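Trainee: Structure below; questions to follow.
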Amino acid sequence: MPARRLSSGSTCCGKTQQYPEKMVDECIILAESPAALVELSGISVLERLLRTLQRCGITRAIILSSTADVIAREVASPSWARAQIHVTVRNREPGAVTVEQIVDVWPPHAQSLLVLRGDTVFDARLLRVLAAQNQSAVLIDRAPAPVLVELVASAPEMAGAKFGGAAVVDHDWAAARSGSFEENLRRDLATEHIVAIDVAAEPSYSREMRRDLRPFWFPAPAHAEKKKLAERLLLRSAQKGAQDLPAWIHAPIENFLISRLSKTSVTPNPLTFFSNVVAWTATILFATGRLGWGLVVALVVGVLDGLDGKQARLKVETTKHGKLEHWFDALFEWSWWITLAYHVQKTGQLSAAFGYLFLLICAEAVAALAKWSVVRFCGRSIDELSDFSRAVRLVGGRRNIYIWILALGILLGTPGQAFMLMAWWGAVTAAVQVPCAAFALWVRWRQSAKAS
């Protein structure tokens with residue numbers, strides 16, 4: 001039986017993952033102390049796994065361990081980020097995990113289960129694909145990425161590949177076998193009696209992160225240097241792609257702050273609240289004519305605004321309500337532009353300020369519609385369609401770029417002209433993005449027509 005690829009689809013924007021319906025919603029985690037309790041970016045590997053499983057739709061987890069008392073104390077610690085997954089800890093005899101031990105704790109009504117090593121970090125995309133399998137399958141990596149080679153060196157070999165630390169098995173498969181669980185996987189993989197899911201062969205584009213990000217996995221690092229490497233990898237994986245020019249400058253500052261904040265108990269919500277308080281302070285400053293101080297605060301917001309999302313992704317604390325942050329961002333952004341228009345018109349620096357505000361609003365609305373249509377029908381961001389689209393994103397009209405334009409205007413003593421330029425910059429950006437979106441949709445329509 002050949003190696004199976006992660007379920008994917010081809011779009012006008014290239015390959016992007018499309019996950020089939022989830023088939024498995026329960027799992028068994030094979031966790032031992034101290035490996036499963038190694039801390040990375042403020043949380044243990046086991047805690048990270050449980051949080052990731054919850055976000056993949058897994059509702060129940062049985063932890064099988066020969067160090068059950070230690071593991072149970074870890075799991076007993078309250079954690080809102082995994083409160084929706086029911087976890088029980090079961091003891092087993094020391095030694096290699098056997099199929100019989102797994103069958104002994106098998107939930108009565110489950111036909112298939114995810115079985116995972118609790119000392120391994122998994123990209124959520126890999127777990128979603130495993131959970132969608134309708135037959136026994138094992139995760140392997142035939143060609144680990146260069147950045148992962150050192151981290152996965154300790155992983156066992158299976159059929160000339162690294163064992164990815166996870167498998168989905170059905171009850172019939174498990175009931176018909178005995179002895180070491182990993183040896184059974186290895187033997188059936190070699191004889192092609194079990195499906196192989198090869199990480200190395202899969203599309204790397206992440207729609208959530210708006211960039212190519214190879215699905216990753218690695219065992220808990222045992223040494224301090226490898227731990228630093230693992231934390232750097234996790235931090236890089238939390239960085240979204242398709243950034244504008246100011247964001248390239250913000251990113252190192254954000255990473256420095258998050259590398260410290262992740263070791264604390266600070267959650268994303270207080271970061272969102274603090275960022276919004278600072279942002280509305282800028283609104284007050286703009287409204288009262290203190291443009292210089294307002295600009296300084298707005299530049300600080302450019303950094304603060306990225307912290308909550310990055311903290312949530314790094315520590316697997318994302319929630320559906322986290323998307324509301326974008327609405328809060330829109331509110332304070334438009335409060336900036338409205339108060340700026342009010343100030344430059346009131347002071348006579350730009351008599352048609354509200355006309356240019358209307359132009360900016362229309363440009364932003366048209367650009368938003370173009371972006372939405374590409375995401376909706378092509379499955380990826382408009383900013384990732386081509387090198388040209390990425391260049392447009394780099395300097396195109398959006399909050400960070402507008403603030404830089406305003407900064408130039410304030411430095412030159414011409415904030416009114418800067419506001420006018422902001423509006424035209426947004427209009428030109430929309431004028432460029434609309435035909436790009438239209439072309440992408442046309443290509444998508446042609447592909448669909450050919451496929452049908």
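The values are calculated or read from the model by the stated rules, or taken from the named source; none is laboratory data. None of these values were measured; they are calculated from a predicted model. All Cβ positions, even for glycine, are placed from backbone atoms using ideal geometry, and neighbour counts span all protein chains on display. The protein model used for the area step is the full one, side chains on, heavy atoms only, and it has no ligands, DNA or RNA in it. Shrake-Rupley method; radii C 1.70, N 1.55, O 1.52, S 1.80 Å.
Trainee: Here is a list of conditions, (1) open to solvent by 30 Å² or more (accessible area, probe 1.4 Å); (2) of a type in the set (A, V, I, L, M); (3) closer than 22 Å to His326 by Cα, and Leu408 meets all of them except one; can you say which number that is?
Mentor: Only one criterion is unmet by Leu408, namely (3).
Trainee: Across the range 56-114, what is the total count of residues that are among the hydroxyl-bearing types (Ser, Thr, Tyr) and either in contact with a Pro (Cβ under 9 Å, 6 or more places away or on another chain) or in a helix (DSSP H, G or I) (or both)?
Mentor: Of the residues in that region, 2 qualify.
Trainee: Under the condition of being touching a residue at least 12 places away in the same chain (Cβ under 8 Å) and β-branched (Val, Ile, Thr), which residue from the range 231-268 is most open to solvent (accessible area, probe 1.4 Å)?
Mentor: So, considering only residues that are touching a residue at least 12 places away in the same chain (Cβ under 8 Å) and β-branched (Val, Ile, Thr), the one most open to solvent (accessible area, probe 1.4 Å) is Ile253.
Trainee: Kindly provide the set of residues from the range 403-415 that are in a helix (DSSP H, G or I) and either without any contact (Cβ under 8 Å) to a residue 60 or more places away in the chain or of a type in the set (A, V, I, L, M, F, W, C) (or both), ordered by number.
Mentor: The answer is Ile403, Trp404, Ile405, Leu406, Ala407, Leu408, Gly409, Ile410, Leu411, Leu412.
Trainee: With in contact (Cβ under 8 Å) with a residue 24 or more places away in the chain and closer than 16 Å to Trp337 by Cβ as the only criterion, which of Ala430, Ala418, Ala368 stands out?
Mentor: Answer to the selection: Ala430.
Trainee: Are any of the residues in the range 234-255 part of a helix (DSSP H, G or I) and of a type in the set (Ser, Thr, Tyr)?
Mentor: Yes, some residue in the range 234-255 is part of a helix (DSSP H, G or I) and of a type in the set (Ser, Thr, Tyr).
Trainee: Also, quick follow-up: Within the group Leu126, Leu116, which residue is in contact (Cβ under 8 Å) with a residue 40 or more places away in the chain and under 18 Å from Ala35 (Cβ atoms)?
Mentor: When all the criteria are applied, what remains is Leu116.
Trainee: Quick one: Ala153 ticks every box in (1) part of a loop (DSSP other than H, G, I, E, B); (2) in contact (Cβ under 8 Å) with a residue 60 or more places away in the chain bar one, so which box is it?
Mentor: For Ala153, the exception is condition (2).
Trainee: Against the conditions (1) modelled with pLDDT of 95 or more; (2) open to solvent by 10 Å² or more (accessible area, probe 1.4 Å); (3) over 21 Å from Ser237 (Cα atoms), where does Leu116 fall short? Just the number, please.
Mentor: (2)
Trainee: Could you tell me whether any residue of the range 203-212 is surrounded by 19 or more Cβ atoms within 10 Å (Cβ to Cβ) and closer than 20 Å to Leu30 by Cβ?
Mentor: No, there is no match, as no residue in the range 203-212 is surrounded by 19 or more Cβ atoms within 10 Å (Cβ to Cβ) and closer than 20 Å to Leu30 by Cβ.
Trainee: Let me ask something else. What tally of residues in the range 29-45 results from selecting those that are closer than 22 Å to Leu113 by Cβ and either of a type in the set (Asp, Glu) or out of contact with any helix residue (DSSP H, G or I) (no Cβ under 6 Å at 6 or more places or on another chain) (or both)?
Mentor: Residues meeting the conditions: 4.
Trainee: Please count how many residues of the range 379-389 are open to solvent by less than 60 Å² (accessible area, probe 1.4 Å) and either closer than 30 Å to Ile410 by Cβ or charged (D, E, K, R) (or both).
Mentor: Total satisfying the criteria: 3.
Trainee: Being open to solvent by 10 Å² or more (accessible area, probe 1.4 Å), of a type in the set (A, V, I, L, M, F, W, C) and either under 30 Å from Ser381 (Cα atoms) or in contact with a Gly (Cβ under 8 Å, 6 or more places away or on another chain) (or both): is that true of Ala143 here?
Mentor: yes
Trainee: Tell me which residues, restricted to the range 38-55, are in a helix (DSSP H, G or I) and touching a residue at least 40 places away in the same chain (Cβ under 8 Å).
Mentor: If the condition is that a residue be in a helix (DSSP H, G or I) and touching a residue at least 40 places away in the same chain (Cβ under 8 Å), then Val45, Leu46, Arg48, Leu49, Arg51, Thr52, Leu53, Arg55 are the ones that fit.
Trainee: Looking at (1) under 27 Å from Met209 (Cα atoms); (2) at pLDDT 90 or above; (3) charged (D, E, K, R); (4) loosely packed, with under 15 Cβ neighbours inside 10 Å, find the lone condition where Arg376 falls short.
Mentor: (2)
Trainee: Still on this structure, I have one more. Within the range 371-400, how many residues turn out to be small (Gly, Ala, Ser), in contact (Cβ under 8 Å) with a residue 12 or more places away in the chain and either assigned to a helix (DSSP H, G or I) or more than 13 Å from Ala242 (Cα to Cα) (or both)?
Mentor: Qualifying residue count, the range 371-400: 4.
Trainee: Residue pairs, Cβ under 6 Å, 6 or more apart or interchain, first in the range 306-329 and within 10 Å of Asn269 (Cα to Cα) and of a type in the set (Asp, Glu), second open to solvent by 20 Å² or more (accessible area, probe 1.4 Å) and part of a helix (DSSP H, G or I). List them.
Mentor: Asp308/Leu271; Asp308/Thr272; Glu325/Thr272
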